[in-house]
Amino acid sequence: MIDSDQQVLAEDRRWMRYALGLAATAFDKGEVPIGAVVVLNGEIIGEGYNQPIESIDPTAHAEVVALRDAAKRKNNYRLPGACVYVTVEPCTMCVGALIQARIERLVIGAPEPKTGAVFSQAQLLDSPAHNHRIVVTSGVREALCRDLMTTFFQAKRKPKESSSVDPCADHRQNPRETDE
């Protein structure tokens, strides 16, 4: 029998794989490759990927898009009991949105050393000013999440080269397929 810690880790890895599929969609569209999924009672209630360029909306970060999707599906701006899986540590805006939505748990793939607002630059979830607390787990599929970001920014900084390597091939499969 699998103990509860192993079950949680398996579920976290499962949903982070899904979020990576969403991040690959952002990558393909030339957006910063971050994906987010909102899960409640073992079911997806919201999903999103970074799309500020595509949607001409500076607030269209993966987490905000996923929260909007979940809120519409649940017909409620509060999402108590929900868990958000995001491939990269959220920024200040997204942390605020998670708090306002009353997310119970946040699972992060990779840290964001420049603008991360959970533990890298700011620790906004630790502020005594907030009356809501979110449980945080980090480092789930960290290498894959970090490598996708690194590949994206390396490609942006280099001149176009002909390459048959697809950095998102492992994540692009079927984003709805979430098993190992």
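The values are calculated or read from the model by the stated rules, or taken from the named source; none is laboratory data. It should be emphasised that the depicted structure is a prediction, and the values quoted were computed from it without experimental measurement. Every residue, glycine as well, gets a Cβ built from its backbone with ideal geometry; the counts of neighbours run over all protein chains shown. Surface accessibility is based on the protein's heavy atoms, side chains included, excluding ligands, DNA and RNA. Shrake-Rupley method; radii C 1.70, N 1.55, O 1.52, S 1.80 Å.
Some observations on this one:
- Selection status of T87, closer than 19 Å to S138 by Cβ, crowded, with 24+ Cβ neighbours inside 10 Å, touching a residue at least 24 places away in the same chain (Cβ under 8 Å) and of a type in the set (S, T, Y): yes
- Within region 1-43, the set of residues being of a type in the set (K, R) and over 16 Å from the mean Cα position of the chain (by Cα) comprises just one member, K29.
- Output for region 15-50, where each listed residue is in a helix (DSSP H, G or I) and surrounded by fewer than 17 Cβ atoms within 10 Å (Cβ to Cβ): D28
- Residue that is farthest from T87 (Cα to Cα), among those in region 51-62 that are open to solvent by 10 Å² or more (accessible area, probe 1.4 Å) and not polar (S, T, N, Q): I56
- Candidate set: region 123-158, residues that are among the β-branched types (V, I, T) and out of contact with any Gly (no Cβ under 8 Å at 6 or more places or on another chain); chosen: the one least open to solvent (accessible area, probe 1.4 Å): I134
- Checked against (1) of a type outside the set (D, E); (2) closer than 17 Å to V135 by Cα; (3) free of Cβ contacts under 8 Å to residues at least 60 places away in the same chain, R13 passes all but a single condition, namely (3).
- Out of G81, G30, G46, sole residue that is farther than 13 Å from G109 by Cβ and touching a helix residue (DSSP H, G or I) at 6+ places or on another chain (Cβ under 6 Å): G46
- Evaluation of C83 against the conditions (1) under 15 Å from the mean Cα position of the chain (by Cα); (2) of a type outside the set (D, E); (3) farther than 18 Å from G48 by Cβ shows that the sole unmet condition is (3).
- Checked against (1) open to solvent by less than 40 Å² (accessible area, probe 1.4 Å); (2) touching a strand residue (DSSP E or B) at 6+ places or on another chain (Cβ under 9 Å); (3) assigned to a helix (DSSP H, G or I); (4) within 15 Å of V136 (Cβ to Cβ), V8 passes all but a single condition, namely (1).
- Within region 64-180, helices (runs of 4 or more DSSP H) holding 2 or more residues that are at pLDDT 95 or above: 92-100, 142-157
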